[in-house]
Amino acid sequence: MDIEKLIEEGYKKPDEELEDYFKKLYQEFGDNPRVIYEYANVLDYLGKEKEAIPLYREALRKGITGKYHDMCLIQLASSLRLVGELDESYEILSDIYNKSKEPSSLLFLSLTMFNLGRASEAFCLMFKHILGRNEGFLGEYRRALTQYIDGICVDNSQRA
């Protein structure tokens, strides 16, 4: 049977059936890193982060690839943040963001930084990310925004 179709069918289920469906899928196809990841994803979605964390780690150990590899890392780090493992969450997300500049990794990283008491650094990171894009009126306002942001971010970094 096609794993992708089985996963797709699972997500059509009502929330109260998701865990059982993906648990059975995991029991049948437990060597497939994508199935492991999706089971972890469902547990995470249902607020069972502590149960999801070892499954995310297992999916990574078993070689999940492509976009699901990075998504697995982001979700692992997010779950770690929610259970209070802030340092590991920060390490994972910082690594992903620095390699990819992927926006959702930046947002999850910023949440972790906020929880670590580093809100000013998180805002500066987001400001600079947005300013680095060439969208909307940023071209027209880049000079002014750069000065404002540099003033805030330099002032904050000197206080730390």
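The values are calculated or read from the model by the stated rules, or taken from the named source; none is laboratory data. Computed from a predicted model, the values in this text were never measured in an experiment. With ideal geometry, Cβ positions are generated from the backbone for all residues, glycine too; neighbour counts draw on all protein chains shown.
General remarks:
- Of all residues in the stretch 28-74, those that are closer than 21 Å to LEU106 by Cβ and in contact with an Asp or Glu (Cβ under 6 Å, 6 or more places away or on another chain) total 0.
- Condition check for ARG81: touching a residue at least 12 places away in the same chain (Cβ under 8 Å), assigned to a helix (DSSP H, G or I), assigned by TED's automatic domain parsing to the domain that holds GLU19 and more than 23 Å from VAL35 (Cβ to Cβ): yes
- A single entry from SER105, SER94, SER120, SER110 fulfils the requirement of being within 25 Å of VAL83 (Cα to Cα), surrounded by 15 or more Cβ atoms within 10 Å (Cβ to Cβ) and more than 15 Å from the chain's Cα centre (by Cα): SER120.
- Checking the stated criteria, GLY10 turns out not to satisfy the condition of being on the phi < 0 side of the Ramachandran plot, at pLDDT below 95 and small (Gly, Ala, Ser).
- Total residues in the stretch 123-155, condition among the charged types (D, E, K, R) and either assigned by TED's automatic domain parsing to the domain that holds LEU76 or within 16 Å of the chain's Cα centre (by Cα) (or both): 0
- Spans of helices (runs of 4 or more DSSP H) in the stretch 96-160 with at least 3 residues closer than 20 Å to ALA77 by Cα: 103-115, 119-131
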